[in-house]
Every structure is written in structure tokens, then in C-alpha cells.
Amino acid sequence: MNPTATPEKARIVILISGSGSNMVAIADAVKAGDINADIAAVICNRPEVAGLQKARDRDLDTAVLDHKGFTTREAFDQALMELIDSYDPDLVVLAGFMRILTPAFTAHYHGRMLNIHPSLLPKYQGLNTHQRALDAGESEHGVTVHFVTEELDGGPVAIQAVVPVYDGDDALSLQKRVQVQEHVIYPIAVKWFTEGRLTLSQGTARLDGQPLPDHGLQLRS
Ligand code: GAR
């Protein structure tokens, strides 16, 4: 996509596993015209999660591919790849998609798959990030959008939002503060990508061709 050419709408496939609030934030930004893209499909690996209904309420195409129907991770990822590719996306957006991905899958979408993770990566990869940040006595916590690579929660960072940790916070209060920022930064990163501004090259995330720092562009609230 060349930003100076006649705008061609990027096609986005969003993968979810649960409540879908990040998917909604992106879908609302598309609907408002802030992101010039089409959401080709919302794909979920769990039937009957709330996010699926939210997608249907927005007239988005949905598909369910239940991982429980597959005996190996490889077989599931292969079927998922075929399903995603049937929508011919420019960008795959992992929005609370709670699966460990195989190297074949991450390689296939190299440079065109983003993830959101609720910590200031590289801190707190994996689960229970809010409680772990509290247990470590952090004064700041946050959320990261990054390109997906083979390393779990480890690819080059596009953008982070930093939030304060307050005395008296528990995991839920901290999660809520972080999630407000998730819904700010994920649409920004998707917009950048669809405008051809955010790229991955030589292992580095770049904005307008310039390498981003290891923590990406950082917003503070
Ligand atoms: C979000 O908080 C996202 O950061 C997290 O899952 C939640 C999904 O919420 N992702 C991860 O933990 C990935 N490692 P949502 O379904 O309401 O968007």
C-alpha cells in the first residue's frame, strides 16, 4: 500500500477468543472512518463467546474454528491459516486471541500480523500480567502492540501505553486502567499499518521508514 496512491482499502481479519473489546475498538474506528479498511472477518477459536455476538451486532462476517476439534496444534494452525487466507487479508490482528502459535503460522504472516499484550513488553510475557506487575511493586504498567514473531509476546514493538500503578490497586482496577489504553493504541497501530506507515523490516518495526525504539512509540497517561 502506497500512501500517495489512490487509497486502496486494506483488508483486515481479526482473531478473538473472548470478550472482543479490542475488536470493537478497531471496528468502531473503521466505521467512524478513522481507519480506511474493511474488516473482512472476525474469526474465533471458541464458540459462543461474547465477542462473536458483538461482531454480529456490527454486521461483521464471523467464523468459528474450534481448536477442540483438532488433535494437534499444527493441524489447527494449518486449518486456521486456510480460513484466514480465504479472506485474502493484508493484515491479521490478534485481539485477545489466546493461542500459542506454531512457527509455520507466525512465519506465514510475518510482517502482517499484530498482537496486543497487556504489559510493557519485554516485561511480563504470558499470563496474569497485572497481578505480576503488582507483586513486583511496579510503579508503572501498561500495554504493548507488537508484530508477531515466533517468540511468544516477543516481536518488535509498534506502540506502548504506560499507565501509573496506584496504592490500593488490585489486578482488576489495574486491568481496567490498562484496557482503556488498549482501546486507544490498537486502533492507532492498525491505522498506521493500513496507511503503509508501520512496517517490519530487517527485524525492526518502522514508522514512516524510521526504526522505532525497542519500546515503540510510548504514550503516557
Ligand atoms: C486484552 O486485555 C488483551 O490485552 C489480552 O487479552 C485481552 C482481550 O480482551 N491479550 C493477551 O493477554 C495476549 N497475550 P478483549 O477480548 O476484550 O479484546
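No lab work stands behind these numbers, since they all come straight from the coordinates. Keep in mind that this is a model prediction, so the values were computed, not measured. When we count neighbours, we look across all protein chains shown, and the Cβ atoms used for this are built from the backbone with ideal geometry, even at glycine.
General observations
- If you model the stretch 82-173 as an ellipsoid using its alpha carbon gyration tensor, with each semi-axis the square root of five times an eigenvalue, the axes come out at 29, 12, 11 Å, biggest first.
- For the stretch 104-109, putting each phi into the Karplus relation 6.51 cos²θ - 1.76 cosθ + 1.60 with θ = phi - 60° gives couplings of 4, 5, 5, 5, 4, 9 Hz, in residue order, rounded to whole numbers and with x for Gly and Pro.
- Over the chain, DSSP H runs of length four or greater, each weighted -39,500 (n - 2.57), average out per residue to a 222 nm ellipticity of -9500 deg cm²/dmol.
- Annotation: amide H of L212 within the under-5 Å range of A205, R206, L207, sequence separation 5 or more or interchain, hydrogens built in the peptide plane.
- Over the chain, the Kirkwood radius and the radius of gyration, each from Cα atoms, give a ratio Rg/Rh of 0.95.
- Simple label model, 7 Å out from Cα along Cβ direction - T71 to S139, nm: 5.6
- Diffusion of the stretch 125-212 by Stokes-Einstein, at 20 °C in a medium of 1.002 mPa s and with Rh set to the Kirkwood radius over alpha-carbon pairs, works out to 152 µm²/s.
- Gaussian network model of the chain, Cα within-10 Å springs - most flexible of D77, D153, D61: D61
- Ranked for footprinting exposure by Cβ neighbours inside 10 Å, fewest first, M98, M23 give M98, M23.
- With K and R counted +1 and D and E -1, the other residues having a Cβ less than 11 Å from that of H146 yield a net charge of -3.
- Counting lysine pairs in the chain whose alpha carbons fall under 18 angstrom apart, excluding pairs fewer than 8 residues apart on the same chain, gives 4.
- For the stretch 1-129, alpha-carbon Rg over 2.2 N^0.38 Å: 1.06
- Positive minus negative residues near T129 (Lys, Arg vs Asp, Glu; Cβ under 14 Å): -3
- The charge dipole of the stretch 1-130, taken about the Cα centre with unit charges on the Cβ atoms of Lys, Arg (+1) and Asp, Glu (-1), comes to about 420 debye, rounded to the nearest 20.
- In order through the stretch 47-61: 3J(HN,Hα) via Karplus (6.51 cos²θ - 1.76 cosθ + 1.60), integer Hz, x for Gly, Pro: x, 6, 8, 4, x, 5, 5, 4, 5, 4, 4, 9, 6, 8, 5
- Going by neighbour counts of Cβ atoms within 10 Å, the residues T194, T144 line up, fewest first, as T194, T144.
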